[in-house]
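The values are calculated or read from the model by the stated rules, or taken from the named source; none is laboratory data. On a predicted model such as this, the values are computed, not experimentally measured, just so you know. All Cβ positions, glycine included, derive from the backbone under ideal geometry; neighbour counts span all protein chains shown. The accessibility values were calculated without ligands, DNA or RNA, using every heavy atom of the protein model including side chains. Shrake-Rupley method; radii C 1.70, N 1.55, O 1.52, S 1.80 Å.
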Amino acid sequence: DTGVSQNPRHKITKRGQNVTFRCDPISEHNRLYWYRQTLGQGPEFLTYFQNEAQLEKSRLLSDRFSAERPKGSFSTLEIQRTEQGDSAMYLCASSLASGGYYNEQFFGPGTRLTVL
Amino acid sequence: GQQLNQSPQSMFIQEGEDVSMNCTSSSIFNTWLWYKQDPGEGPVLLIALYKAGELTSNGRLTAQFGITRKDSFLNISASIPSDVGIYFCAGCGSQGNLIFGKGTKLSVKP
């Protein structure tokens, strides 16, 4: 296991279609985060999981977005009825939470979504 | 909401020059981080700061956490071509989520 992987790396879709992205974290990591990054901006937090439980969602995560981590390993992020404003890089990060306030997050390469 | 302001937004470097960038926040953070992002890749952690006033080095990189926990700077000494990229500061939120600045883009002088 060499790091966090994300698939697909690129996705082009038409407005109104549904898309799903997958993130495979570092195998022993119990926390998994999703971020969105638009051009010229830093990543913005969307949601995170501790094992299979989704513990926090940002206000950026509209009801068209849903994330799952069914077995506490890989995670999926689905966007329904995509809009042009959803075009962005979607980044996944994982960490091993050990009770401390901060645990280093390792980022995947991201999935770049383009909505036409 | 919590915001991090980075400056400069962009800068050009010549190989061998020293580089300095900083970041200020409207809120106090207990942990402050500096990341670098190359095109088409996710951010990679460079330095983590945990204590107010802390000065930490990682090779040619030096970062300091401000006394008020609302600011930090990152210095790169003797820059090399592979230093080109976007540098982000980030504070750690209450859920362990990261709050990023908008980045400082480092490019090579033409």
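Tabulated data
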item: Any hit, the stretch A:48-58, residues being within 14 Å of chain B (Cβ to nearest Cβ), within 22 Å of A:GLY3 (Cβ to Cβ) and crowded, with 20+ Cβ neighbours inside 10 Å; result: yes
item: Residue tally, condition within 15 Å of B:GLN6 (Cβ to Cβ), open to solvent by 50 Å² or more (accessible area, probe 1.4 Å) and in a loop (DSSP other than H, G, I, E, B), over the stretch B:68-110; result: 2
item: Residue match in the stretch B:45-54 (condition: in a loop (DSSP other than H, G, I, E, B), at the interface with chain A (Cβ under 9 Å from one of its Cβ atoms) and out of contact with any Ser or Thr (no Cβ under 8 Å at 6 or more places or on another chain)); result: no
item: The stretch B:1-15 - residue that is open to solvent by 50 Å² or more (accessible area, probe 1.4 Å) and part of a loop (DSSP other than H, G, I, E, B) and, of those, farthest from B:VAL108 (Cα to Cα); result: B:GLY1
item: Subset of the stretch A:4-22 that is under 15 Å from the mean Cα position of the chain (by Cα) and in a loop (DSSP other than H, G, I, E, B) - its residue that is nearest to A:GLU104 (Cα to Cα); result: A:VAL4
item: Residue within the stretch A:19-38 that is among the small types (Gly, Ala, Ser), away from chain B (no Cβ under 11 Å) and either under 20 Å from B:LEU33 (Cα atoms) or open to solvent by less than 80 Å² (accessible area, probe 1.4 Å) (or both) present; result: no
item: B:LYS36 vs. criteria more than 10 Å from chain A (Cβ to nearest Cβ), part of a strand (DSSP E or B), touching a strand residue (DSSP E or B) at 6+ places or on another chain (Cβ under 8 Å) and basic (Lys, Arg); result: yes
item: Test: residue in the stretch B:27-36 that is under 10 Å from the mean Cα position of the chain (by Cα) and surrounded by fewer than 19 Cβ atoms within 10 Å (Cβ to Cβ); result: no
item: Filtered residue count, the stretch A:94-116, keeping only those that are part of a loop (DSSP other than H, G, I, E, B), open to solvent by 60 Å² or more (accessible area, probe 1.4 Å) and modelled with pLDDT of 95 or more; result: 1
item: Residue among A:LEU77, A:LEU61, A:LEU91 that alone is more than 10 Å from chain B (Cβ to nearest Cβ), open to solvent by less than 60 Å² (accessible area, probe 1.4 Å) and assigned to a strand (DSSP E or B); result: A:LEU77
